[in-house]
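Notes follow the structure.
The values are calculated or read from the model by the stated rules, or taken from the named source; none is laboratory data. Predicted model, so just to flag it, every value in this text is computed and none were measured. Cβ atoms come from the backbone with ideal geometry, glycine included; neighbour counts cover every protein chain shown.
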Amino acid sequence: MVERGPKTTPIVKSEDNQWIQDNLMKGKCRVSPASENLIVHLADGSRPWYERYQVMSYNLTTRSGDEQEFANMTRRIYVDVVVNHMTGENKENVGTGGSTVDFKKGQYYGARVCELVGLKDLNQTKEYVRDKIGEYFNNLVKLGVAGFRVDAAKHMFPSDLKVIYDGVNNLSTSYGFKPNSRPYIFQEVHSGSGAIKHSDYTPLGDVTEFRVGSELKRSFSGNNPLKWLVSWGERWNLSPSDKVLVFIDNHDTQRTDDVLTYKESRAYKAAIAFMLAHPYGSPRVMSSFFFNLSDGALQEPGERHSRTELGVYCDVITGTRSGQSCSGTNVTVQNDGTANIRLRGNAEDIVLAIHVGTQVTILQ
């Protein structure tokens with residue numbers, strides 16, 4: 001997945017470690033859970049994507065690699081951390097690092113006092129549990145990560161999370177972070193008509209705004225007029241822009257009918273382009289796998305907008321710039337910052353993109 005960092009440049013959420021190694025210095029990346037997980041086999045023998053969220057231990061051993069391989073990969077990335085629960089009971093009962101578990105023991109009590117889809121919920125009010133979670137977070141910080149996506153945060157009490165977050169060390173200066181820099185934290189919180197609100201968690205860190213994906217699907221699928229997007233943002237009853245991480249789809253929602261995915265590529269790319277261009281929220285872009293079934297196997301601040309100067313620019317959707325030439329469409333920006341843009345209604349890509357300050361030709 002690509003994601004944009006805290007009020008920043010794009011972040012990438014990816015499950016491909018080689019891709020991360022090749023692209024880390026170009027942006028910010030978020031990776032799947034690094035903790036050891038239960039090995040799950042489906043009826044056909046394949047292993048589903050969601051096994052990564054069924055935690056066996058906080059050892060850094062998964063099918064993506066071990067702790068040393070993680071350390072070799074990780075530089076300024078955000079890690080998906082699963083600390084609301086451990087795995088549920090499974091007859092195979094073995095993790096990716098060889099761990100097993102005695103389900104009759106454990107410091108459990110339920111997701112805000114109920115178990116989440118049979119997963120063994122952790123009691124974060126207990127000092128032992130908090131210490132173990134803190135050790136896990138601090139080990140990741142020591143290895144150079146920039147922050148965390150906290151999975152299932154809405155199922156944990158904010159007061160418990162605050163104690164855990166407060167115990168996390170500053171980011172490691174060994175990896176280029178400034179002294180006293182704090183990890184960037186964004187929390188998985190669905191907010192709507194229920195009792196749990198984004199505002200319960202925003203004092204602790206940013207939150208995920210799931211409504212962006214569903215609303216933009218309605219717009220770019222033709223169910224709502226695109227002209228309505230002129231008021232896009234908080235006027236749509238979305239949470240405050242400076243507190244949310246926004247996305248079209250993620251590993252959960254892409255397996256539902258609620259959002260656009262790569263399977264509807266034309267509308268999907270247009271919605272992503274709109275989200276990246278619009279100032280609302282800090283955007284994340286998904287980089288995932290093809291799949292057929294729902295179980296399918298599978299903080300540096302920066303401005304997003306600046307005035308476009310006079311000149312001829314290269315549309316990087318249709319081509320690439322090389323010196324003073326463009327293999328795609330040229331876009332001429334006038335002195336007042338406007339451009340006359342025409343896109344074919346039946347084109348596969350119904351958007352264009354130019355890089356500010358990288359004119360092919362500077363006009364006088």
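Below, the figures for the structure above:
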{"quantity": "Residue in region 190-199 that is over 27 Å from residue 56 (Cβ atoms), at pLDDT 95 or above and out of contact with any Ser or Thr (no Cβ under 6 Å at 6 or more places or on another chain) present", "calculated": "yes"}
{"quantity": "Residues of region 148-189 that turn out to be part of a helix (DSSP H, G or I), over 15 Å from residue 85 (Cα atoms) and modelled with pLDDT under 95, as a count", "calculated": "3"}
{"quantity": "Selected residue (only one of 83, 145 is closer than 22 Å to residue 187 by Cα, at pLDDT 95 or above and surrounded by 15 or more Cβ atoms within 10 Å (Cβ to Cβ))", "calculated": "83"}
{"quantity": "Of residues in region 344-362 being at pLDDT 80 or above and touching an Asp or Glu at 6+ places or on another chain (Cβ under 8 Å), the one surrounded by the fewest Cβ atoms within 10 Å (Cβ to Cβ)", "calculated": "353"}
{"quantity": "Residue list for region 211-243, restricted to those being touching a Ser or Thr at 6+ places or on another chain (Cβ under 7 Å) and surrounded by 20 or more Cβ atoms within 10 Å (Cβ to Cβ)", "calculated": "213, 239"}
{"quantity": "Residue in region 210-220 that is in a helix (DSSP H, G or I) and touching a strand residue (DSSP E or B) at 6+ places or on another chain (Cβ under 8 Å) present", "calculated": "yes"}
{"quantity": "Any chance residue 182 is closer than 26 Å to residue 155 by Cβ and either surrounded by 15 or more Cβ atoms within 10 Å (Cβ to Cβ) or basic (Lys, Arg) (or both)", "calculated": "yes"}
{"quantity": "So residue 295, is it closer than 30 Å to residue 50 by Cβ and at pLDDT below 85", "calculated": "yes"}
